[in-house]
Amino acid sequence: NAGVTQTPKFQVLKTGQSMTLQCAQDMNHNSMYWYRQDPGMGLRLIYYSASEGTTDKGEVPNGYNVSRLNKREFSLRLESAAPSQTSVYFCASRPVTTTYEQYFGPGTRLTVT
Amino acid sequence: EDKVVQSPLSLVVHEGDTVTLNCSYEVTNFRSLLWYKQEKKAPTFLFMLTSSGIEKKSGRLSSILDKKELSSILNITATQTGDSAIYLCAVEAGVNDMRFGAGTRLTVKP
């Protein structure tokens, strides 16, 4: 039982390049989330998927797209990376959308130059 | 605008001290408040609070929610160096709308 896994762990992009961050969970959770964490700002929700087949915007969705490929996998895509997207990205999952804590992956450190 | 504010932002104590971390919130539709500990990587869950006045306890850590004051505290007694981490407060301000505070960085010196 690996929990929530993310790939890659580190990535350096040039401005304008695109990439996809992958996330998978093996806990049969319904809901999945993407956050970014910047120094001094805590975590901010980018997108979430309450269940397979649905996705919704969070607090800071601009510049990102997501795909809930199946119940296990939730990917985050940067179409044209910008330096402002330099951050640590965390994926999380939760069993149901009511009163259960989230389980976080180990994070992806992304630098855009 | 929904917001979560933690204080202090940073705290340095010595082993054996007791610390109190604060979290205040302003959200339109409160569902729950959660505390997480973040060491080097992923946040790990500590407590979830939904009802006012009921203390949650786990070993040397405890937390309580005050819905009248829109706040919560996290207490750590007899601190150890292993308690050094960033402690994050999050408020679920609507279904799936999780708002995090900036965190309190706790350093425990031997």
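The values are calculated or read from the model by the stated rules, or taken from the named source; none is laboratory data. Please read all numbers here as calculations on a predicted model, not as lab measurements. Quick reminder, even Gly has a Cβ in these numbers, built from the backbone with ideal geometry, and neighbours come from all protein chains shown.
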message: Among the residues that make up segment A:43-66, is at least one of them part of a strand (DSSP E or B), farther than 22 Å from B:Ala42 by Cα and away from chain B (no Cβ under 12 Å)?
response: yes
Pair list, Cβ under 6 Å, 6 or more apart: segment A:99-113 residue more than 16 Å from A:Ala82 (Cβ to Cβ) and within 11 Å of chain B (Cβ to nearest Cβ), other residue of a type in the set (D, E, K, R) and surrounded by 19 or more Cβ atoms within 10 Å (Cβ to Cβ): A:Tyr100/A:Arg94; A:Gln102/A:Arg94
message: I'd like the full set of residues that are surrounded by fewer than 17 Cβ atoms within 10 Å (Cβ to Cβ) and either under 28 Å from B:Lys40 (Cβ atoms) or among the hydroxyl-bearing types (Ser, Thr, Tyr) (or both), limited to segment A:62-71.
response: A:Gly63, A:Ser67
task: Using the structure shown, decide if A:Ser87 is within 14 Å of another protein chain (Cβ to nearest Cβ) and either within 18 Å of B:Ala42 (Cα to Cα) or among the small types (Gly, Ala, Ser) (or both).
output: yes
Filtered residues of segment A:72-82 (kept if at pLDDT 95 or above and assigned to a loop (DSSP other than H, G, I, E, B)): A:Arg72, A:Ser80, A:Ala81, A:Ala82
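Any residue that is acidic (Asp, Glu) and surrounded by fewer than 13 Cβ atoms within 10 Å (Cβ to Cβ) - is there at least one of those in segment B:61-83?
From segment B:61-83, those acidic (Asp, Glu) are B:66, B:69, B:83; that's our starting set.
Now narrow it down to the ones that are surrounded by fewer than 13 Cβ atoms within 10 Å (Cβ to Cβ): B:69.
Taking every residue of segment B:61-83 in turn, at least one turns out to be acidic (Asp, Glu) and surrounded by fewer than 13 Cβ atoms within 10 Å (Cβ to Cβ).
Can you name the residue in segment B:68-90 that is small (Gly, Ala, Ser) and under 24 Å from B:Ser32 (Cα atoms) and, of all such residues, is nearest to the other protein chains (Cβ to nearest Cβ)? Even if it seems obvious, please write down each step before you answer.
Step one: of segment B:68-90, the residues small (Gly, Ala, Ser) are B:71-72, B:78, B:82, B:84-85, B:90.
From the residues that got through so far, the ones that are under 24 Å from B:Ser32 (Cα atoms) too are B:71-72, B:85, B:90.
Details: B:Ser71: 17, B:Ser72: 15, B:Ala85: 14, B:Ala90: 8 Å.
Restricting to residues being small (Gly, Ala, Ser) and under 24 Å from B:Ser32 (Cα atoms), the top hit is B:Ala90.
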- line: When A:Gln17 is run through (1) surrounded by 14 or more Cβ atoms within 10 Å (Cβ to Cβ); (2) over 20 Å from B:Arg99 (Cα atoms); (3) under 15 Å from the mean Cα position of the chain (by Cα), the failure sits at (3)
query: When segment A:75-109 is examined, which residues are found to be surrounded by 16 or more Cβ atoms within 10 Å (Cβ to Cβ), over 12 Å from the mean Cα position of the chain (by Cα) and more than 24 Å from B:Val95 (Cβ to Cβ)?
result: A:Ala81, A:Gln85, A:Thr86
- request: Find the residue count for segment B:94-110, including only residues that are over 15 Å from the mean Cα position of the chain (by Cα) and at the interface with chain A (Cβ under 10 Å from one of its Cβ atoms).
  value: 3
message: Show me the strands (runs of 3 or more DSSP E) found entirely inside segment A:1-42 where at least 3 residues are under 24 Å from A:Val96 (Cα atoms), in contact (Cβ under 8 Å) with a residue 40 or more places away in the chain and within 12 Å of another protein chain (Cβ to nearest Cβ).
response: A:4-7, A:31-37
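So, in segment B:8-31, how many residues would count as being surrounded by fewer than 16 Cβ atoms within 10 Å (Cβ to Cβ) and either more than 10 Å from chain A (Cβ to nearest Cβ) or assigned to a strand (DSSP E or B) (or both)? Write out each step before concluding.
Step one: list which residues in segment B:8-31 are surrounded by fewer than 16 Cβ atoms within 10 Å (Cβ to Cβ), which gives B:8-10, B:12, B:14-18, B:20, B:22, B:26, B:28-29.
Those still in the list that are either more than 10 Å from chain A (Cβ to nearest Cβ) or assigned to a strand (DSSP E or B) (or both) too: B:8, B:10, B:12, B:14-18, B:20, B:22, B:26, B:28-29.
So the count comes out to 13.
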task: For B:Lys41, state whether it is closer than 22 Å to A:Asp38 by Cβ and surrounded by fewer than 17 Cβ atoms within 10 Å (Cβ to Cβ).
output: yes
